[in-house]
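Here it is, the structure, as structure tokens.
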């Protein structure tokens, strides 16, 4: 059992990271009052932009990690630009945020494959190499947790964990965080306090776009290595993690880790003898069944931001 | 003369309506100045102009003697003008401190400095006797406390002029008294207050001067101490008014509503009403007096079918309806004017016409074979609008959200009375309304009684209960502590009962 866990854990963490950063971005968006179900699409856009930039730069400078970082940066920018569509529709036009988000998902899947096909001939973009894994010196020698948490890690993992810590701080300890949360709970109160609600909501959506784009690109530079026109539902899983995690950073960390772990177990079950006895279907379905159960259990006490999903109309009584 | 704020000759037009025609209001430093006017007289617009939410088309605004242009609420805040809105603007999941500092946060570098802010709030709170805990969460504190947080919010921003918009509409009698003390403390510290209200009693108790406006014009500014309530009411509505409701002695008939040992739990799953019994006969108004939150809401909800009682029975004209559906009850003759008009009374984004048929849309002529008959619905609504004087921009097609509170209330009352119910439950029917509308609604309720209908009146206004009711039941902590004939009691006796002192004997119901 223990050896199995040690084997699985690094993979589980790698799988968790894109989920985590995307869910964290959605947290900013929903806390500002905008529901963003376009996460999937934003991740696809990030994955595409990242893969494309890395593909081009790796041709120029082979074996240079700068190409990868460049890819991540461009993925974030692409995510921001794409999320502006959602922001404009739901903030300026007071459109239904679910429909706008769905539109993002549909456009993203189609446009990226279209572009990829035009540029590379096939719909796929393969990068030469991603980030390499390493054991963190010293920390990986700590008994028990060293093996679980600090072996076979990627740079991006540490970057994202840093972002999570920073985001928690920003949300709860800075004026920006206070204002952002106020816009999601009671935008009229925020407005009365002299806060520009639209601006804050734009910030929330744009952060969500940046983080989703980053999440999508991280898939490429870690476990996937190839853009295929989809992120296979990770965006929706991130949304589920947000709800499961009760719109709190640490809750999201726990929820994404759970999904990451459960999905990894399902993916590797066939090659690990102690898991092979369980029918793979059950393992595959497991995280989703748990999600449904969790949503049922939590629905009573659910603390979604009260104004999330509601267009802001300053004249409304 | 030392004026904190002068608004001279203000005119403001909205498309199709002149909200302020020619209004002048001068607020002296250190006074409580009441602004009195009927619903739609232009009070909110005037205060909106002072607070920078609208721009006046004509007229001057001076603050501390200097002419100013107030382009938005932030400018008003900088000029030391603060407003407590009727609907509080507080984030319920935030603490008191977080709400107060929102928008003008104290910080250390990039970090929120909650401690310093809390200390200052504590200081302000003590200085003005507000008694607010800066670390409490808004959702955990009472409405009265929330209002004090709103006041603190302004004081924190160094407001010198405080606008209180209908501050007592949501308060219990005790909280109203506390607010009076707070206002006096503020005045002593040199603040000036504009008090928007319809309640003449409160003007009498708290204000120094009073400016009365009617249909967008200033009628006059009077010295409160030297002016009677009646005189102010007449200035406001422009005709003679009576506070005493004219009514003939009741001629009670058969029992219409019979509540027998009813026990009901509240949302927190505690028993809010226990073993409550009451009878209401045809041709009488039974009032229920009590401090807010003593089981009145639960009683009404149990009778109206919105909440399941734990035990006991409710009968209507002899038929048991304890477990009947809401529609069943409506069809058998229960009309309900709910406590919260925006939550349970109206669908705010529907038109008046649609709201008027919420309970009868399925009946002919409003619909036939499942298809709505828009024309019939419109005619039905227009009848109610005409007979209850519901004022709106586009008649039956107006969206209810755009109506003023008073007109929303009139629409609901009209709808329920139009059903001609055998039992009319009226919960706070005149909450937030002006004297003219109150008088009108009281007349209609008595008219129902005189037609031989039963009326159950629940109100937090003791005057209203005493004036309208034939019999008065008093609740305290969910128990009926007494039932008295209205003609044989007075404010003192009811007040004692409300406080929980049980009556001797009392008539069995």
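Quick check: from the Cα gyration tensor, does the range B:388-443 come out rounded (a/c under 1.5), prolate or oblate?
Verdict is oblate for the range B:388-443.
Let me ask you something else. For a quick size check, give me the Cα extents of the range A:58-127 along its three principal axes, largest first, whole Å.
If we take the Cα atoms of the range A:58-127, the spans are 47, 25, 13 Å.
Have a look at A:201, A:31, A:133 and tell me which one the Gaussian network model of chain A (Cα, springs below 10 Å) gives the largest fluctuation.
A:133
Now for a separate question. Please identify, among A:169, A:57, A:28, the residue showing maximal mean-square fluctuation in a Gaussian network model of chain A using a 10 angstrom Cα cutoff.
Residue with maximal mean-square fluctuation among A:169, A:57, A:28: A:169.
Tell me the relative contact order for chain B as a rounded percent, counting alpha carbon contacts under 8 Å between residues six or more apart.
With pairs under 8 Å counted, the relative contact order is 15 percent.
Can you tell me the Rg and Dmax of the range A:22-76, counting just the alpha carbons, in angstroms?
Spelled out, the Cα radius of gyration and Dmax of the range A:22-76 are 14.1, 44 Å.
To continue, here is another question. Quick one: grab Rg to one decimal and Dmax as a whole number for chain B, Cα atoms only, in Å.
Considering chain B through its Cα atoms, Rg and Dmax are 24.1, 75 Å.
A further question on this structure: Quick check: the distance between the Cα centres of the range B:128-147 and the range B:183-234, to the nearest angstrom?
So the two Cα centres are separated by 27 Å.
Relative contact order for the range B:3-237: what is it in percent, counting Cα pairs under 8 Å that are at least 6 residues apart?
Relative contact order for the range B:3-237 comes out at 29 percent.
Sticking with this structure for a sec: From the Cα gyration tensor of the range B:278-342, with a ≥ b ≥ c the square roots of its eigenvalues, which class applies: rounded if a/c is under 1.5, or else prolate if a/b is larger than b/c, or else oblate?
Rounded, because the longest to shortest axis ratio a/c is under 1.5.
Here's something else I'd like to know. What three numbers, in Å, describe the spread of the alpha carbons of the range A:228-317 along their principal axes, ordered from the longest?
Rounded to whole Å, the extents work out to 63, 34, 21 Å.
Still on this model: How far, in degrees from 0 to 90, does helix B:405-418 lean away from the longest principal axis of the Cα atoms of chain B, to the nearest 10?
10 degrees
In addition: Please give the per residue volume of the convex hull enclosing the alpha carbon atoms of the range A:127-239, rounded to a whole number of Å³.
Output value, Cα hull per residue: 141 Å³.
To continue, here is another question. Can you bin every Cα-Cα distance in chain A into 10 Å intervals starting at zero and give me the percent of pairs per bin, rounded to whole numbers?
Pairs per bin, as whole percents: 6, 26, 33, 24, 9, 2, 0.
Pairing the Cα long axis of helix B:374-388 with the longest principal axis of chain B, what angle in degrees results, from 0 to 90 and rounded to the nearest 10?
On a 0 to 90 degree scale, this one is about 70.
Now for a different question. For the range B:152-220, just say rounded, prolate or oblate: build the C-alpha gyration tensor, square-root its eigenvalues into a ≥ b ≥ c, call rounded for a/c under 1.5, and beyond that prolate if a/b exceeds b/c, oblate if not.
It is oblate, given that a/c is not under 1.5 and a/b is not larger than b/c.
7 Å from Cα along Cα→Cβ at both residue B:221 and residue B:208: what's the point-to-point distance in nm?
Modelled inter-label distance: 1.1 nm.
Among B:346, B:278, which comes first, second and so on when ranked by fewest other beta-carbon atoms within 10 Å?
B:278, B:346
Please report Rg (one decimal) and Dmax (integer) in Å for the Cα set of the range A:1-92.
In order Rg, Dmax, the Cα atoms of the range A:1-92 give 16.6, 54 Å.
Viscosity 1.567 mPa s, temperature 4 °C: Stokes-Einstein D of the range B:3-237 from its Kirkwood Cα radius, in µm² per second?
Estimated via Stokes-Einstein, D reaches 71 µm²/s.
Would you mind telling me which residue in A:219, A:17, A:160 has the biggest mean-square fluctuation in a Gaussian network model of chain A, where springs connect alpha carbons within a distance under 10 angstrom?
Answer for the Gaussian network model of chain A: A:160.
Give me the mean projected area, in nm² to one decimal, of the convex hull enclosing the Cα positions of the range B:346-420.
4.4 nm²
For the range A:207-228 and the range B:33-105, compute the distance between their C-alpha centroids and round to whole Å.
Centre-to-centre (Cα) distance: 47 Å.
Once you have all Cα-Cα distances for the protein assembly as shown, histogram them in 10 Å bins from zero and send the whole-percent values.
That works out to 2, 11, 17, 19, 18, 14, 10, 6, 2, 0, 0, in percent per bin.
Another one. Quick one: helix A:39-60 against the long Cα principal axis of chain A, what's the angle to the nearest 10°, folded into 0 to 90?
Helix A:39-60 sits at roughly 50 degrees to that axis.
Can you compute the helix-only [θ] at 222 nm over the protein assembly as shown? Use -39500 (n - 2.57) per DSSP H run of at least 4 residues, normalise by all residues, nearest 500 deg cm²/dmol.
Mean residue ellipticity, 222 nm, calculated: -14500 deg cm²/dmol.
So how long is each side of the range A:102-165 along the principal axes, counting just the alpha-carbon atoms, biggest first, in Å?
Sorted largest first, the three principal extents are 50, 29, 16 Å.
With an 8 Å cut-off on Cα pairs and a minimum separation of 6 or more residues, tell me the relative contact order of the range B:346-420 in percent.
Over the range B:346-420, the number comes to 38 percent.
What is the Cα centroid distance between the range B:371-426 and the range A:92-144, reported in whole angstrom?
The distance from the Cα centre of the range B:371-426 to that of the range A:92-144 comes to 55 Å.
Just so you know, all these numbers are worked out from the coordinates, no wet-lab data involved. Nothing here was measured: the structure is a model prediction, and the numbers come from that model. Don't worry about glycine lacking a Cβ; one is built from the backbone with ideal geometry, like all the others, and counts go over all protein chains shown.
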